[in-house]
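Okay, structure first, notes after.
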Amino acid sequence: MNYQAIYDIAEICARKGIEHVVLCPGSRCAPLTLAFSRQGSFKMHVFSDERSAGFIALGLAQQTKQPVVVICTSGSALYNLAPAVSEAYFSEIPLVILSADRPSEWIGQHDGQTIFQQSIFGKHVKGSYQLPQEYTPADNAWAINRMVNEAINLSQLQKHGPVHINAPFREPLYPAKGESITFSKDLRIIDSQPSEAQLSESTKKIFTEHWKTYNKILIVCGQEDKDSALHQLLRYNAEKHALPVIADILSNQHGLENSIQHADSFLGFAPEKLKESLQPELLITVGKSIISKQVKLFLRKYTPIVHWHIQEAGEVADTYQHLSHTVFVTPETFFTFLSTLDKKESFDRQKKENYKQLWALEESKCIEVTNNFFPQTELNEFEVVKEVVTNLPSDCHLHLANSMSVRYANYIGLSTQHSNINVYANRGTSGIDGSTSTVVGHCLANPDVLNVLITGDIAFFYDRNAFWHNYSLPNLRIVLLNNHGGVIFKLIDGPSDMPEADALFVTQQKLNAKYLCVEHGIEHLPVDNRKKLKNMIHNLFERDGIPKILEIESDPNLNKTIFESFKKSLKARYES
C-alpha cells in the first residue's frame, strides 16, 4: 500500500500546531501510529482503555486550549470513546478523533473488529469525515488533505468541539523491511480565520432602550474557563451600574467581590414575597450551564420581561424558558459596550442599588448560616469538602466530579482569596464517567500545576483505569468521599422515597482506595477523625512529587442526615 497521503496527516497536524496525541494501541491503526510517532513533533501519550483515553485527551485539550488528536483502532474500541466525545461536544472542547477502519466491503461480513464506524458519533461531533479507501489517485490525496485541514479548522472555529475522521486501511498495514516513512514537504495547509463579530448599531440601540426602561437587572454567569478580561469587565460594570451577579463555583468568577455564589442555598427556601422582590426585569446571561437547580426554577417562574443571552456563536439554549434576544459576540465585546452606557441617576439609580442590596443581603446571611453550621458532632464528607476547599493552595486547579461532589463544593463556594484558582467539571453531560481521567489529562498537560479532584466513590472506582498507564503524576491530588454507595439517590426526590432505593438505586460497594494506591504508587491518606483531617490536608497539599489520595469512609445515612440538617438550617432563618 502507498500510505503517503495517510502519513501526511501527521505532518498536517504538526504544521497546524497540534502538540499532544493520545494513542490507544491496536494493529489496524498502525499507519497512523507510525506516522505520528516518526514525525517527531508530538508528545505521545499511550493508554490502553479507550474510554479513559478519551477523557485524558479531553483534559489535555481543556488545559492547553488546543486540539488533541486521539488515534484508535477499528471495531468496538472506537465506541468506547463516545462518552468523552459527547462531553467534549457539550463542553466545547476540541478533539480530533482518528479511527482506523476495515475496507467497506468487509463490514458486516463476520470479519474481525468490524462495526459501522462511519458517522458513529452522530450529532455529538461538529463534523464526520470518511476518507477514501484508495490513497494513490491524485484526487483522493487531495480529498484527504482537504478533509483533514477542514476537520482541524472546524474543531477550533467559534464554539470548539470534537471532529471524527474515519480512515479505512487495507493490509499490509506496516512498512516493508527497509521501507522508510517520509512526509511531503509541499503540503497544502488551509488556515481558517475566526469571525470578528461586533455589536451592530441596531443591537446597541435595542439594548440601550431596554437599559433605560428597566431597573431590576440581573447577570447570571454559567460555566466558563477563567477569563481575566471578562472578570475585570464584570467587576467594573457591577460596580458602576449596581448590578447583582449570580456566579456559582463553575463560573470561575469567585474573585468577583460581592458576587452571589450561594443563590442555590437561599432561593429554595425564600418566601414568595421575597422572590417577587428578587425577580429581574432584565436578565443578562453568559456562559454554559449552571449547577443550581433553584436558580433555574426561580427564573422559570419569576420570569424576566427581557432576557439577553451573550455567546460568540452556535446554538443557544433557552434554559430559563424566556429568551428574547441572542447576541453573537464575545462576552468581552458585550460588556465593553455596557461599560460605556451612562449610569442611571437619582431615583432610578436608587432602585438599582436597592435591588442589588437585596441580593447581597440574602447572600451574606446565607454565608453566615453556612459558616455557623460547621463543625458537626461527627466528621462527615460535607465537612471534609469544606475544609479542603477552604484550605486550597492559591494557585491550584480544582476539579469537581458530578453528583454530590460538585454540589457540596458549590454550597461552600470559593472566596476572593482563591481568585487564582481555576475550577473545572465535566458538566457538558454531567456524567460520572471520566472525571479522574480528565484530571490526569490536565496533570500531563502541565506538570507544574497542582490538580485537586474532589470525587465520590462511584465516580472514582468507575474510572479506575485512569491510573492504568506508565506515566508519573506528581501533581495529582484526589479527595475521595467514600460512602460505599451513592448519597445523592438518598437525597433527591423520587428514588429516596422508594422501598427499593438501597437495592436498586444506591450502588452498594465495599471498596476503598488502599490497594489501588499500593498498585499504582500513590500515597494513601485515610481520614477518620477531625484532628487527623487537618494534618492530612496539610500533607495532601505538600508539593513533594508524590500523587496522593485523601479518603474519608463514612456512613451514607450520616451524610444524608447532615445534609438534610444543613438544608433545615437554611430554611430556619426564614421561619424565625
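The values are calculated or read from the model by the stated rules, or taken from the named source; none is laboratory data. Only a predicted model underlies this, so the values are computations on that prediction, with no experimental measurement involved. In this analysis, Cβ positions are derived from the backbone assuming ideal geometry, glycine residues included, and neighbour counts consider all displayed protein chains.
Structure values in brief
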| item | result |
| --- | --- |
| Failed condition for residue 187, given (1) loosely packed, with under 12 Cβ neighbours inside 10 Å; (2) outside the structural domain of residue 309 (by TED's automatic domain parsing); (3) under 30 Å from residue 88 (Cα atoms) | (1) |
| Qualifying residue in the stretch 218-233 (condition: within 17 Å of residue 295 (Cβ to Cβ), surrounded by fewer than 20 Cβ atoms within 10 Å (Cβ to Cβ) and not assigned by TED's automatic domain parsing to the domain that holds residue 127) | yes |
| Members of the stretch 234-265 that are out of contact with any strand residue (DSSP E or B) (no Cβ under 9 Å at 6 or more places or on another chain) and surrounded by 19 or more Cβ atoms within 10 Å (Cβ to Cβ) | 255, 262, 264, 265 |
| Single unsatisfied condition, residue 241 versus (1) outside the structural domain of residue 277 (by TED's automatic domain parsing); (2) more than 27 Å from residue 426 (Cα to Cα); (3) under 33 Å from the mean Cα position of the chain (by Cα) | (1) |
| Qualifying residue in the stretch 32-43 (condition: without any contact (Cβ under 8 Å) to a residue 40 or more places away in the chain, on the phi > 0 side of the Ramachandran plot and touching a helix residue (DSSP H, G or I) at 6+ places or on another chain (Cβ under 9 Å)) | yes |
| Some residue of the stretch 69-82 being more than 18 Å from residue 49 (Cα to Cα) and not charged (D, E, K, R) | no |
| The stretch 104-123, residues that are of a type in the set (Asp, Glu) and either touching a residue at least 12 places away in the same chain (Cβ under 8 Å) or assigned to a loop (DSSP other than H, G, I, E, B) (or both) | 111 |
| 1 or more residues modelled with pLDDT of 90 or more, acidic (Asp, Glu) and under 28 Å from the mean Cα position of the chain (by Cα): qualifying strands (runs of 3 or more DSSP E) within the stretch 462-576 | 523-527, 548-553 |
| Single residue of 392, 398 found to be assigned by TED's automatic domain parsing to the domain that holds residue 483, in contact with a strand residue (DSSP E or B) (Cβ under 7 Å, 6 or more places away or on another chain) and part of a loop (DSSP other than H, G, I, E, B) | 392 |
| Residue satisfying all of: in the stretch 106-121; at pLDDT 95 or above and out of contact with any helix residue (DSSP H, G or I) (no Cβ under 9 Å at 6 or more places or on another chain); surrounded by the most Cβ atoms within 10 Å (Cβ to Cβ) among these | 119 |
| Those residues of the stretch 4-35 which are in a loop (DSSP other than H, G, I, E, B) and either touching a Ser or Thr at 6+ places or on another chain (Cβ under 9 Å) or outside the structural domain of residue 151 (by TED's automatic domain parsing) (or both), in sequence order | 18, 19, 24, 25, 26, 27, 28, 29 |
